[in-house]
Amino acid sequence: MPDAIEKIAITVKVNGKAYARSVEPRRLLVEFIREDLDLTGTHIGCDTSYCGACTVLLNGASVKSCTMFAVQADGAEILTVEGLEKNGELHPIQKAFGDSYGLQCGYCTPGILMSTMQMLARTPSPSERDMRKAIAGNTCRCTGYQNVFKAMQAAAQNVKG
Amino acid sequence: MYPRAFHYHRAGSLAEASTMLAQLGDEAKLLAGGQSLIPLMKLRFANPAHLVDLNFISGLSYIKEESGALRFGAMTRHAEIEQSAVAAKIPIIHDCAAGIADVQIRNRGTIGGSLAEADPSGDWATVLLTLDAEVRATSARGTRTIPLPDFITDAYTTALAHDELVSDVIVKIPPKGSAGAFLAFKRTAPVYPSASVAVQLTMEGDICKDAVIRLGCVGLGAIKANDAESALRGKPITGKSLIAAADAARAAADPQTDMRGSADYKRTLVAALTKRAIEAAARRARGEQVEVTHTYA
């Protein structure tokens, strides 16, 4: 066991707000977001890089925040589910998931919303296959995914406006 | 889940990373994409005392075409390769990049990290061993080029010295009439394949002049299916030669029974994947645009 582990000073911008913190190197990004920044919308599901409940956007790219150290996010811009709504208005993707019943217990939903965000940034008019590939890294144990795909399709329409 | 506490070192260049590795000794590990290492650390299967982070070194992520080859920077993410028109000049490379795990993992994981880890279930080695590929390794002592077959020496073992790092991966663009395909069978996207097959064919008209076939996830490395290759060489790709190659690949596979299936089941998968990959590669060699996708259970 190495002794006297030094904390590392990092600055991150999360949902547009700048934070400066000191973190132990082994602090996972998801724990940093949830515990240090008190943004508990990002969930921990499997904690083994599988389920995608912890998905956030890091400089525009979706990542599993349980599989990164907070210190690696130094200087990065992060978007979590809390950053989707603007001025009390749900994001068009969130609206689509509500309207289409694209969730049941809701535990996986923050991750699926962020994966949908990533998909629409790369593929504004997704096919069925695009949608399946887009959330292949997000596990939902309630819905059977059918309403999730309906919601993702509706989200694409909403975002295009 | 938390890894054992470790000291964090942020390298500013490959040379600095090499010096750090030399100074920190055996207890130091490199952190590239982290999509294998971090889960292993969380499970405490890997407990490095020091991590040298390569993610802040600029200029290590690129895909270039030069002198008949594609050159990939070690820190090029799978997603960048998946989306690259340059990388798609070798379609089997796109097959590989687009099929690794899921979007989030592909956004982080790197080609250099995957090769340096040399996990026998990793996709890159299986695919690149069907091509003419080499790895450039660099250290504070200099740079050397290692052909990929010599780079991977065993499961989880490479020819890299402790202070050496992968700087780039160079893959020759196959000549006209030569094409490949890579197919895997996976239980779900985020997991490693139950079995995978990479095929590279060189066709002259209807006759297969040369074939390279590698089997992934069914042995302690990407198995070269020599008898399956011989079953195709000098012959047209017909039902008969396909079945002979598939049977030979099934015999060459050396899988373990595990949570992904029994050894017999995996051998059956290998035979089916071999057939499909040969068919796709043959069509591509004729100049057809063929999109392939892994099979998900």
Q: Just name the residue that is nearest to the other protein chains (Cβ to nearest Cβ) out of those in segment B:4-58 that are of a type in the set (Phe, Trp, Tyr) and in contact with a Leu (Cβ under 9 Å, 6 or more places away or on another chain).
A: B:8
Q.
Tell me yes or no: at least one residue of segment B:189-208 is surrounded by fewer than 24 Cβ atoms within 10 Å (Cβ to Cβ), assigned to a helix (DSSP H, G or I) and not assigned by TED's automatic domain parsing to the domain that holds residue B:156.
A. no
Q) Restricting attention to segment A:119-139, and to residues there that are in contact (Cβ under 8 Å) with a residue 24 or more places away in the chain and surrounded by fewer than 23 Cβ atoms within 10 Å (Cβ to Cβ), which single residue is nearest to residue B:187 (Cα to Cα)? A) A:139
(Q) Go through segment B:146-172 and report how many residues are within 18 Å of residue B:136 (Cα to Cα), among the hydrophobic types (A, V, I, L, M, F, W, C) and either without any contact (Cβ under 8 Å) to a residue 60 or more places away in the chain or surrounded by fewer than 16 Cβ atoms within 10 Å (Cβ to Cβ) (or both). (A) 6
Q) Just for segment A:63-86: of the residues that are facing another protein chain (nearest Cβ under 9 Å) and touching a residue at least 60 places away in the same chain (Cβ under 8 Å), which one is surrounded by the fewest Cβ atoms within 10 Å (Cβ to Cβ)? A) A:75
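Okay, residues lined up against (1) of a type outside the set (A, V, I, L, M, F, W, C); (2) in contact with a His (Cβ under 9 Å, 6 or more places away or on another chain); (3) outside any helix (DSSP H, G or I):
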{"site": "B:88", "(1), (2), (3)": "no, yes, no"}
{"site": "B:93", "(1), (2), (3)": "no, no, no"}
{"site": "B:105", "(1), (2), (3)": "no, yes, no"}
{"site": "B:113", "(1), (2), (3)": "yes, no, no"}
Q: Go through (1) in contact with a helix residue (DSSP H, G or I) (Cβ under 8 Å, 6 or more places away or on another chain); (2) part of a loop (DSSP other than H, G, I, E, B); (3) away from chain B (no Cβ under 11 Å) one by one and return the number of the condition residue A:47 breaks.
A: (3)
Q: Being touching an Asp or Glu at 6+ places or on another chain (Cβ under 7 Å) and more than 7 Å from chain B (Cβ to nearest Cβ) narrows it down to one of A:27, A:21, so name that one.
A: A:21
Q.
When you check residue A:95 against the structure, is it within 12 Å of another protein chain (Cβ to nearest Cβ), surrounded by fewer than 19 Cβ atoms within 10 Å (Cβ to Cβ) and at negative phi, yes or no?
A. no
Q | When residues of segment B:14-46 are limited to those that are surrounded by 15 or more Cβ atoms within 10 Å (Cβ to Cβ) and polar (S, T, N, Q), the one farthest from residue A:54 (Cα to Cα) | A | B:19
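For every residue, the table says whether it meets (1) within 15 Å of the chain's Cα centre (by Cα); (2) over 22 Å from residue B:2 (Cα atoms); (3) assigned by TED's automatic domain parsing to the domain that holds residue A:114.
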{"position": "A:54", "(1), (2), (3)": "yes, no, no"}
{"position": "A:58", "(1), (2), (3)": "yes, no, no"}
{"position": "A:61", "(1), (2), (3)": "yes, yes, no"}
{"position": "A:65", "(1), (2), (3)": "yes, no, no"}
{"position": "A:69", "(1), (2), (3)": "no, no, no"}
{"position": "A:72", "(1), (2), (3)": "no, no, no"}
{"position": "A:77", "(1), (2), (3)": "yes, yes, no"}
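The values are calculated or read from the model by the stated rules, or taken from the named source; none is laboratory data. Source: prediction; values computed, not measured. All Cβ positions, glycine included, derive from the backbone under ideal geometry; neighbour counts span all protein chains shown.
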